[in-house]
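Before any comments, here is the structure.
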Amino acid sequence: IGVTGVQTCALPIYVPPYLREVLGHFPNFHRTRFALLEAGNTVKPHIDYDTTYGIRLHIALATNDQCFNGGWDKDGNEVREHIPDDGSVWFINPGVKHYAINGGNTARNHLIISMDNQSILEDHAFKV
């Protein structure tokens, strides 16, 4: 899908207690991974799948002010957002064309949680 400078790794069989606690706030996840986007690299625009299947949540672990996730709204307008490494959880709709850019001098690392369905968006009771 046109990815440059991205590294992913699966969680080990042993999951550290803090990470287990964070993931415990997200029922019905089917995949989780760390996505390292090296300085100066991009994830080219692409569409993953229909969100009736699932959604993705991003938690920035390390970033810089030149890192952006972007895409296009229903009217075709480009939207770019910086996801801060402040512990917040961001919804990414993988069913629309989206991309990521790291224009900074340091690597960006996100914890990405893929959910089985959209119910977490309807239930605003989760807190990390």
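The values are calculated or read from the model by the stated rules, or taken from the named source; none is laboratory data. Because the structure is predicted, anything quoted here is derived from the model rather than measured. Every residue, glycine as well, gets a Cβ built from its backbone with ideal geometry; the counts of neighbours run over all protein chains shown. Surface accessibility is based on the protein's heavy atoms, side chains included, excluding ligands, DNA and RNA. Shrake-Rupley method; radii C 1.70, N 1.55, O 1.52, S 1.80 Å.
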Skip the ligands, DNA and RNA, and give the accessible area per residue of the range 40-85 with a 1.4 Å probe, whole Å². 57
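So for Asp85, Asp75, what's the accessible-area order with a 1.4 Å probe, most first?
Working: Asp85 80, Asp75 115 Å².
The ordering from most to least exposed comes out as Asp75, Asp85.
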So, with points 7 Å from each Cα along the Cβ direction, the Glu78-Asn93 label distance in nm works out to 1.9
How would His82, His46 line up by accessible area, probe 1.4 Å, largest first? His82, His46
Would you calculate the separation in nanometres between label points at Asp85 and His25, each defined as 7 Å from the Cα along the Cα-to-beta-carbon direction? 1.8
So, counting K/R as plus one and D/E as minus one, what does the shell of residues with Cβ under 13 Å around Ile101 add up to? -1
Along the Cα→Cβ direction, 7 angstrom out, place labels at Arg33 and Tyr14. What is the inter-label distance in nm? 2.4
